[in-house]
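Comments concern the structure below.
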Amino acid sequence: MEKHEEVLVAIRQIIRAIDLHSKKLSKESGLTGPQLILMRSIRELGQVTIKELSKHTNMSQATATTILDRLERNELVQRIRSQTDKRKVHAHLTDKGKQLLEEAPLPLQHSFVNNFQKLEEWEQSLLLSSVQRISSMMNAEDYDVAPMLEIGSITNAEYKG
């Protein structure tokens with residue numbers, strides 16, 4: 001097998017691992033990766049606006065709002081208008097949301113981060129540089145993505161090719 005084929009196989013293996021973990025996450029908790037990330041961020045940040053939440057998760061405000069809409073419909077998150085500044089709306093976990101979050105499996109990236117941080121600094125830099133180069137070679141460096149691992153429908157992705 002040629003080296004470029006080996007790289008493509010490795011990329012497909014990564015995509016498969018993400019897909020399988022996403023299915024496991026959905027089956028066990030009923031949540032998607034982005035929903036879990038937002039809920040964990042709400043828990044971590046406390047009283048948080050949508051703008052602060054989108055910045056913290058590196059999602060667009062539109063994406064965060066859409067995800068929050070679904071979480072709110074499922075009674076996992078509640079949006080409450082600020083008492084001190086009526087222009088601001090804060091996201092809060094409901095008791096149901098807190099309970100579900102406690103029982104939810106860790107995101108796939110949790111394992112990745114633990115393993116990555118065990119590497120020497122030079123090896124971390126080498127991997128980062130290599131993955132960024134691959135992203136550039138696939139004309140994907142300008143895609144708006146959050147630092148989380150999940151596969152979604154290709155029809156939901158914005159293609160900028």
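The residue that is surrounded by the most Cβ atoms within 10 Å (Cβ to Cβ), among those in region 115-138 that are in a loop (DSSP other than H, G, I, E, B) and at pLDDT 90 or above, is L119. Answer yes if at least one residue in region 50-58 is among the hydroxyl-bearing types (S, T, Y), surrounded by 15 or more Cβ atoms within 10 Å (Cβ to Cβ), over 14 Å from the mean Cα position of the chain (by Cα) and within 24 Å of S29 (Cβ to Cβ), and no otherwise. No, the conditions are met nowhere in region 50-58.
Rundown of residues vs (1) assigned to a helix (DSSP H, G or I); (2) over 15 Å from the mean Cα position of the chain (by Cα); (3) at pLDDT below 90, yes/no style:
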residue: V7; (1), (2), (3): yes, yes, no
residue: Q13; (1), (2), (3): yes, yes, no
residue: D19; (1), (2), (3): yes, no, yes
residue: S22; (1), (2), (3): yes, no, yes
residue: L25; (1), (2), (3): yes, no, yes
residue: E28; (1), (2), (3): yes, yes, yes
residue: L31; (1), (2), (3): no, no, yes
residue: L36; (1), (2), (3): yes, no, yes
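Looking for something among the hydrophobic types (A, V, I, L, M, F, W, C), touching a residue at least 40 places away in the same chain (Cβ under 8 Å), surrounded by 12 or more Cβ atoms within 10 Å (Cβ to Cβ) and over 30 Å from K86 (Cβ atoms) - is there at least one such residue anywhere in region 1-10? Steps first, please.
Applying the first criterion (among the hydrophobic types (A, V, I, L, M, F, W, C)) to region 1-10 yields 1, 7-10.
Now drop any that are not touching a residue at least 40 places away in the same chain (Cβ under 8 Å), which leaves 7.
From what's left, surrounded by 12 or more Cβ atoms within 10 Å (Cβ to Cβ): 7.
Filter once more, so that each one left must be over 30 Å from K86 (Cβ atoms): 7.
Within region 1-10 (the criterion being among the hydrophobic types (A, V, I, L, M, F, W, C), touching a residue at least 40 places away in the same chain (Cβ under 8 Å), surrounded by 12 or more Cβ atoms within 10 Å (Cβ to Cβ) and over 30 Å from K86 (Cβ atoms)), the answer is yes, since at least one residue qualifies.
Of all residues in region 52-73, those being assigned to a loop (DSSP other than H, G, I, E, B) and within 14 Å of I42 (Cβ to Cβ) number 1.
Name the residue that is surrounded by the most Cβ atoms within 10 Å (Cβ to Cβ), counting only residues in region 75-114 that are assigned to a helix (DSSP H, G or I) and modelled with pLDDT of 90 or more.
Looking only at region 75-114, we keep the residues that are assigned to a helix (DSSP H, G or I), and these are 95-103, 108-114.
Remaining after also requiring modelled with pLDDT of 90 or more: 95-100.
Working: D95: 10, K96: 13, G97: 23, K98: 14, Q99: 12, L100: 21.
Filtering first and then ranking leaves G97.
The values are calculated or read from the model by the stated rules, or taken from the named source; none is laboratory data. Keep in mind it's a predicted model, so treat the numbers as computed, not measured. Ideal geometry is used to build each Cβ from the backbone, glycine not excepted, and the neighbour counts take in all protein chains shown.
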